[in-house]
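Trainee: One structure coming up, written as structure tokens, with questions to follow.
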Amino acid sequence: MRGLIFTTLIFLFSSTFLLSQSNVFYTSGLFVKKEVNNILKKSKATVAAETPEIIPFELEGGLIFVEARLGGIPKYYILDSGAPTLILNSKENSIKKSGVNVASISGQVEIENRIVKDFKFGTIKSNFLEAYVIDISHLEKIKNRPIEGLIGKEHFRQSEILIDYEKREIVVLPKNRRDNIEGFEMVESIKFGVGNHMPVVKLKIGKRIYTFGIDTGAEVNLLSKRFYKKIKKGNIQLTEGKRISGIDKKIEKVESAIIKKATFNKRVFHDMEFVFANMNHLNENYEIELDGLLGYPFLSAAIFSIDYRTNRLCIWERSIREEIEILKPENISTIAKIDKEKKLTFKTNR
């Protein structure tokens, strides 16, 4: 039987790219347990940061683009906690057959695997890292920029990374960090489960508790369509339907809604949008059955850090001095100018 892998990645197609087909998403799934275990056996340990390190990123839609170095060459990759390891974009005409397929909502494509000798993001280094290669050049057209690949969990397994969407910075936290670091104070710490490689948490919607994977590579929140009718009776506001497309470019129309209230640990999230899609492809041979994925709308509503060493998802708040700096008129106008140039909508999540 052939190996089967997935890597969750949800793209928003612009109306310019699709002409008459706006609000279309792309997703390509998640790695299964057997393949992840093979990856962990082959790869060498990564090196975590000894002191806090701030790394800027570019936000395109809801996706995080960071500069990393493969063989010393700097290029841009998507930070994707829905991927277990490094996924490289191949510009070659053919992919060497490996007997491993990548699966998405509506199809499968065979991919190539290879060993990466030297990969570096900030001060975090990986040597002899197992990677997979697939042609995602069509996604470069969607985002209108080069995409060298996706950086997954394996590269960060000895690190804790804090994602500050508002300032567009990633902070790589030191191994022995305190609950108060420069500019931030930790206010909540939640133990997460691990569905193979992906952080898994609980979210309460209405009277039911759902199981979600944390996915920095998703521009949307996604919930299994089998819950749509039940949730429809509760606190939701229907929105215009979306369209999703798998790796074979087939398009499927899905429902979309604003969920007025969702509770995570002790924190309440208001008015988050979810799309409803078939989750069967994600849960096949999967260690933990997922009800959905939490992407950009959830992660940008607070300041989160993911600690892969202790399996904890932490929520941070800014120090008073940091809040004052952000609220200064010159900083607000600068942010607005950047957003106007990139055609992104800036939203203060307070």
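Trainee: Please pick out the residue among SER137, SER189 that is among the hydroxyl-bearing types (Ser, Thr, Tyr), open to solvent by 20 Å² or more (accessible area, probe 1.4 Å) and out of contact with any strand residue (DSSP E or B) (no Cβ under 6 Å at 6 or more places or on another chain). Walk me through it before giving the result.
Mentor: Working: SER189 fails: out of contact with any strand residue (DSSP E or B) (no Cβ under 6 Å at 6 or more places or on another chain).
Just one listed residue meets the conditions, SER137.
Trainee: Being under 28 Å from GLY61 (Cα atoms) and open to solvent by 10 Å² or more (accessible area, probe 1.4 Å) is the requirement here; does LYS204 meet it?
Mentor: Values: under 28 Å from GLY61 (Cα atoms): yes; open to solvent by 10 Å² or more (accessible area, probe 1.4 Å): yes.
Yes.
Results for (1) at pLDDT 90 or above; (2) of a type outside the set (D, E, K, R); (3) farther than 30 Å from LYS75 by Cβ; (4) outside any strand (DSSP E or B), shown as yes or no for each residue.
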position	(1), (2), (3), (4)
ILE163	yes, yes, no, no
ILE190	yes, yes, yes, no
VAL201	yes, yes, yes, no
PHE212	yes, yes, yes, no
PHE227	yes, yes, yes, yes
GLN237	no, yes, yes, no
GLU240	no, no, yes, no
VAL254	no, yes, yes, no
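Trainee: Step by step: first the residues of region 145-179, then only those that are without any contact (Cβ under 8 Å) to a residue 12 or more places away in the chain and of a type outside the set (Asp, Glu), then the one that is farthest from TYR296 (Cα to Cα). Which residue is that?
Mentor: At the first step, the residues of region 145-179 found to be without any contact (Cβ under 8 Å) to a residue 12 or more places away in the chain are 176, 178-179.
In the following step, the residues that additionally are of a type outside the set (Asp, Glu) were identified as 176, 178.
On the way: ASN176: 28, ARG178: 27 Å.
Checking each candidate, the answer is ASN176.
The values are calculated or read from the model by the stated rules, or taken from the named source; none is laboratory data. Just so you know, these numbers come straight off a predicted model, no measurement behind them. Every residue, glycine among them, receives a Cβ derived from its backbone with ideal geometry; neighbour counts consider all protein chains shown. Surface areas here come from the heavy atoms of the whole protein model, side chains and all, with no ligands, DNA or RNA. Shrake-Rupley method; radii C 1.70, N 1.55, O 1.52, S 1.80 Å.
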